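The values are calculated or read from the model by the stated rules, or taken from the named source; none is laboratory data. For clarity, every value in this text was computed on a predicted model and none was experimentally measured. All Cβ positions, even for glycine, are placed from backbone atoms using ideal geometry, and neighbour counts span all protein chains on display. Keep in mind that these areas ignore ligands, DNA and RNA; they rest on the heavy atoms of the full protein, side chains included. Shrake-Rupley method; radii C 1.70, N 1.55, O 1.52, S 1.80 Å.
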Amino acid sequence: MTDVRVPILMYHAVSARPGDATRALSVSPEAFAEQMAVLAERGLTPVTTAELAARWRADRPLPARPVLVTFDDGYEGVHRHALPVLAGHGFPATLFVSTGWLRGPYDTGGGPDTMLDWDQVRELAARGVEIGGHSHSHPQLDRLDGDRLRSELILCKEIVSDQLGSVPASFAYPYGYSSRRVRVAVRETGYAQALAVGNGLARRAQGPYALRRVTVRRSTSVAEFERLVEGRAVTRSFARDRALTKGYAMVRRTRQAGRLIRRPPDRTRGPVR
């Protein structure tokens, strides 16, 4: 099969008045409507994360000009503003929820803006939005020990299953961070595929647990959005993001090494290899 490159769009909040914590990664309702109109006018075919991965896994052809519309975290504007636009075009999408951020019985109070409640999530699911996991409390998963990592993944999956009556098949890594250990844990928890960030087009060769997405933010112009969905100048559009990501990756590795140096030796274990 030809190595098709698929734009997977990563949205967060859709809001006219986002809070300071979500402003940069939000889009206005008007911008979202305009962007979905671009997809329709250019003949792109939105699919869910589960459908894309299933077709690649079974070596089945993709629909003409596929694109994915995905949302992270679970902001209330996905129901208020995005759903009517998606429904108007007949577009499916995928929403990845951090279960501890949603309003309801499992709310930890950590949501950075107005979040969805479970009735709204159920309505989204009933109207063609795939609901995936995004952990329970939205931590950097690759910084967690094994027990905490499994707890974040399992609790999220169990809550979504309990609330919706169906098991989530797809996962998105909070902040886009993962590692081989995290990817193995996600697979062992029962998720069939997972999305990272990477700010590049998704390809089958990336594997089902490291599919890349491109970030849509408040500063994304219509012209830039058109280039992203056409797969043009993606590297140039995110050159600054990649530089910042590499720099922050070095900081994270340095901090992790510092913690390991300060940690007292475990006399019950053999040498670290």
Amide H of Leu195 versus every other amide H placed in the peptide plane: which residues, excluding those fewer than 5 positions away on the same chain, fall under 5 Å? Phe171, Ala172, Tyr173
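As a test, work out the antiparallel percent of DSSP beta bridges whose residues both lie in segment 1-160, rounded to the nearest 5. Show your work: numbers first, answer last.
Details: 1 of 18 bridges.
Approximately 5 percent, going by the DSSP bridge assignments.
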If every Lys and Arg gets +1 and every Asp and Glu gets -1 at its Cβ, then about the Cα centre segment 19-102 yields a dipole, in debye to the nearest 20, of 360 debye
Along the Cα→Cβ direction, 7 angstrom out, place labels at Arg180 and Ser166. What is the inter-label distance in nm? 3.5 nm
Given a 1.4 Å probe, how much area per residue of segment 28-154 is accessible, in Å²? 38 Å²
What does the charge dipole of segment 1-62 about its Cα centre add up to, to the nearest 20 debye, if the Cβ of each Lys and Arg holds +1 and the Cβ of each Asp and Glu holds -1? 160 debye
Over what distance in Å are the Cα centres of segment 105-170 and segment 56-79 separated? 17 Å
What whole-number distance in Å separates the alpha-carbon centres of segment 1-51 and segment 181-201? 20 Å
Give me the compactness ratio for segment 33-123, meaning the Cα radius of gyration over 2.2 N^0.38 Å. 1.23
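Any idea what the dipole of segment 127-172 comes to, in debye rounded to 20, about its Cα centre with Lys/Arg Cβ at +1 and Asp/Glu Cβ at -1?
Taking the Cα centre of segment 127-172 as origin, the dipole is about 100 debye.
Would you mind calculating the gained length between Arg42 and Arg150 on full extension (0.36 nm times residue separation, minus the Cα-Cα distance), in nm to one decimal?
Details: separation 108, 0.36 × 108 = 38.88 nm, distance 4.17 nm.
Gain on extension, Arg42 to Arg150, equals 34.7 nm.
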Given charges at Cβ of Lys, Arg, Asp, Glu: segment 41-192 dipole, positive-most of Ser179, Gln140, Gly77: Ser179
If you bin the C-alpha pair distances of segment 1-70 every 10 Å from 0, what whole percents do you get? 18, 41, 27, 12, 2
Please list log₁₀ I(q)/I(0) at q = 0.11, 0.19, 0.23 Å⁻¹ for segment 119-191, using the Debye equation with identical point scatterers on the alpha-carbon positions. -0.26, -0.72, -0.98
Please report the carbon-and-sulfur percent of the accessible area for segment 1-63; probe 1.4 Å, protein heavy atoms only, DNA, RNA and ligands left out. 50 percent
